[in-house]
Amino acid sequence: MKFLQPPEWLEPRGYANGTMAEMTVGSRIIFVGGQIGWNGQQQFETDDLADQVGQTLRNIVEVLKEGGAGPEHITRMTWYVKDKKEYVAAYKGIGQHYRAIIGKHFPAMTAVEVADLVEDRAKVEIEVTAVVPPAA
């Protein structure tokens, strides 16, 4: 297994931004740890939920890139949101960010409301699994 750490990011404490396992047939599975709406320096630039989703998705794409993958390889996404009503109200902005960053690729997804996230300013956390074929 290889840990995926974009070189310009601060080292995480107690978790990995992503991991990659090579499969015997040449395919790879990438597990992206829960990403939140802060930048690579672990600083929040906004408290707007849709904009945090945008940053979170950019973080996911950066981790995937470290494993030689892109958004098109995502097979599963799990979204954890702190406020379901705020999430539903932000659908339009979230959709705009999603299409701009991930495109028209819609993997299996789950979204759940949680009591809280570890980082106080985080409004969303998303984890991803990606499968990368041998040719990628």
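For the structure I just gave you, tell me whether VAL118 is modelled with pLDDT of 95 or more and farther than 17 Å from ASP51 by Cβ. Judged against the criteria, VAL118 is a match.
The criterion of being outside any strand (DSSP E or B), surrounded by fewer than 16 Cβ atoms within 10 Å (Cβ to Cβ), touching a helix residue (DSSP H, G or I) at 6+ places or on another chain (Cβ under 9 Å) and of a type outside the set (Ser, Thr, Tyr) holds for LYS92. Which residues, taken from region 13-30, are surrounded by 16 or more Cβ atoms within 10 Å (Cβ to Cβ) and part of a strand (DSSP E or B)? Of everything in region 13-30, those that are surrounded by 16 or more Cβ atoms within 10 Å (Cβ to Cβ) and part of a strand (DSSP E or B) turn out to be GLY18, THR19, MET20, ARG28, ILE29, ILE30. In this structure, does ARG76 turn out to be within 29 Å of GLY26 (Cα to Cα), among the basic types (Lys, Arg), touching a helix residue (DSSP H, G or I) at 6+ places or on another chain (Cβ under 8 Å) and surrounded by 14 or more Cβ atoms within 10 Å (Cβ to Cβ)? Taking the combined requirement at face value, the residue does not satisfy it. Count of region 50-88 residues, restricted to those that are in a helix (DSSP H, G or I) and either within 17 Å of ALA16 (Cβ to Cβ) or free of Cβ contacts under 8 Å to residues at least 24 places away in the same chain (or both), is 12.
If the condition is being closer than 15 Å to ASP120 by Cβ and touching a residue at least 60 places away in the same chain (Cβ under 8 Å), then region 35-47 contributes ILE36, GLY37, TRP38, PHE44, ASP47.
The values are calculated or read from the model by the stated rules, or taken from the named source; none is laboratory data. Given the structure is predicted, the values throughout are model-derived calculations rather than measurements. All Cβ positions, glycine included, derive from the backbone under ideal geometry; neighbour counts span all protein chains shown.
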